[in-house]
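Asker: Okay, handing you the structure first.
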Amino acid sequence: MSDFDDVCLLLPTMDEVETVARVVEDFREAGIDEILVIDGGSTDGTRRAATEAGARVVEQSGRGKGQAVREAVRDHIEASYVVMADADATYDAADVDAMLDPLFAGDAEHVIGNRFADMRPGAMTRLNRIGNRLINAAFRAIHGERYRDILSGYRAFTRESFLRLHLTADGFGIETEMAVECVKNRIRVTVVPITYRERPGGSATNLHPIRDGGVIIIELYRKAKTNNPLFYFGSLGAVSTGAGAALTAYVLYRWFVHGAAHQIVAIGAVGAAILGIQLLVFGVLADMILSLHREQVTRYERALADRPAESSVDPASPTDGERTRGATDGESTD
């Protein structure tokens, strides 16, 4: 039996005919036999190339990488462990052992491949590199975890842990959303170093740095509403309070220097300051509620974990008290 009998490789594709067969063959040589290619409607022969290389191919019902990943794991994969990679030959199939080892050892439920550990020349443009660094820094500031490379498309996870994530992103924001949901659901995450190579000549990327980068930043901030409400509402409150303070300074300056009154602006300044303070207070209260909720969840999980130990006692066997009473009754009978 292979060590990867309960592992499925997931490759979301969209017009990857130049590289998909090579990726499938590389992972088969690495020991993974179950390979699922979920295609988003390619018109260049991607599905045929993947099938000929030995992969199982399905066409997704919707559009976008995020939708493809959700549909594939929930509807088309039964294996306990899933390795997710891109079909553009930028990831090294030889790294699959390092990706799966923490799962097999029980040390993690979700593994992220860190591309920055061994990024080959030309693998990422300077703009993309800067954008990745900024997004990772924003993730660390907002969600409090340092996953090093949250945009990495090379992942390994247990199917059970994936089904616990509430994922809604349809496009390239799926990796960001998975990272945020791992923090939110306290999924055990391990980051391992991987090799990241330049795309082979002839293949074109489906990523649009500015557009997709903006979507990712918005997704990070949107998710803070339920994972870090103090940051979410506090930042809005700080902006509103700052705007109110700036307008107040302008009104006072005009009054003292020029003797001009700006009643409408003054009303707006007061309104902005009040709104900002209310948002800050709401953020504090929401953060307290979230902390209490997490404490309750932790207690509930501990209670569930303790139940098997309690139920391991055979209900048909007498307790110490019953044995004592039985012995006493027996002595008195004699």
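The values are calculated or read from the model by the stated rules, or taken from the named source; none is laboratory data. All figures in this text were calculated on a predicted structure; none of them were measured in a lab. Using ideal geometry, Cβ is built from the backbone for each residue, glycine included, and neighbour counts are taken over all protein chains shown. When the accessible area is computed, the model is the full protein with side chains, heavy atoms only, and any ligands, DNA or RNA have been set aside. Shrake-Rupley method; radii C 1.70, N 1.55, O 1.52, S 1.80 Å.
Asker: Which three numbers, in whole Å and largest first, are the semi-axes of the equivalent ellipsoid of the stretch 8-58 derived from its Cα gyration tensor as √(5λ)? Can you show the working numbers first?
Answerer: On the way: eigenvalues 57, 22, 13 Å².
Calculated on Cα positions only, the semi-axes equal 17, 10, 8 Å.
Asker: If you average the alpha carbon positions of the stretch 211-249 and of the stretch 44-101, how far apart do those two centres end up, in angstrom?
Answerer: About 35 Å separates the Cα centre of the stretch 211-249 from the one of the stretch 44-101.
Asker: Whole-Å semi-axes of the stretch 51-129's equivalent ellipsoid, largest first, each the root of 5 times a Cα gyration tensor eigenvalue?
Answerer: Details: eigenvalues 112, 78, 36 Å².
They are 24, 20, 13 Å, listed from largest to smallest.
Asker: Right, something else. Just order 24-35, 108-119 by mean Cβ neighbour count inside 10 Å, highest at the front, would you?
Answerer: Numbers: 24-35: 18.4, 108-119: 20.8.
Sorting 24-35, 108-119 by mean packing, highest first, produces 108-119, 24-35.
Asker: Follow-up question, since we're still on this one. Would you work out the relative contact order for the stretch 108-174, in percent, from Cα pairs under 8 angstrom that are 6 or more residues apart? Let's see the in-between values first.
Answerer: Details: 42 pairs, mean separation 32.0, N = 67.
Result for the stretch 108-174 is 48 percent.
Asker: Additional query: Cut-off 14 Å, label point 7 angstrom out along Cα-to-Cβ of PHE104: give me the residues of the stretch 1-41 whose amide nitrogen falls inside.
Answerer: 1-8, 30-33
Asker: Once every Cα of the stretch 1-107 carries one equal point scatterer and solvent is ignored, give the base-10 log of I(q)/I(0) from the Debye formula at q = 0.20, 0.21 Å⁻¹, two decimals.
Answerer: -1.00, -1.09
Asker: So, one more: Would you list which lysines come within 21 Å of LYS184, measuring only between C-alpha atoms, while excluding same-chain residues fewer than 8 positions from it?
Answerer: Of all the lysines, those that pass the test against LYS184 - Cα under 21 Å, at least 8 places apart if same chain - are LYS223, LYS225.
Asker: Given the chain, what percent of its DSSP beta bridges are antiparallel, to the nearest 5? Can you show the working numbers first?
Answerer: Values: 8 of 29 bridges.
Restricted to the chain, the bridges split so that about 30 percent are antiparallel.
Asker: Follow-up. Answer with a single label: of [x] 1.06; [y] 1.17; [z] 0.96, which was calculated as Rg/Rh (Cα atoms, Kirkwood Rh) from the structure in view?
Answerer: Correct label is [y].
Asker: If you don't mind, there's one more thing I want to ask. Gain in length, GLU198 to ARG294, computed as 0.36 nm per residue apart minus the alpha-carbon separation, to one decimal in nm?
Answerer: Extra length available between GLU198 and ARG294 comes to 30.3 nm.
Asker: Further question: If you roll a 1.4 angstrom probe over the protein chains with everything in place, what fraction of the accessible area of the chain belongs to carbon and sulfur, to the nearest %? Don't jump to the answer; show the numbers that get you there.
Answerer: Working: 10020 of 17800 Å².
It is 56 percent, rounded to a whole number.
Asker: Computed on alpha carbon atoms, what radius of gyration and Dmax characterise the stretch 137-263, expressed in Å?
Answerer: When restricted to the Cα atoms of the stretch 137-263, Rg and Dmax are 21.4, 69 Å.
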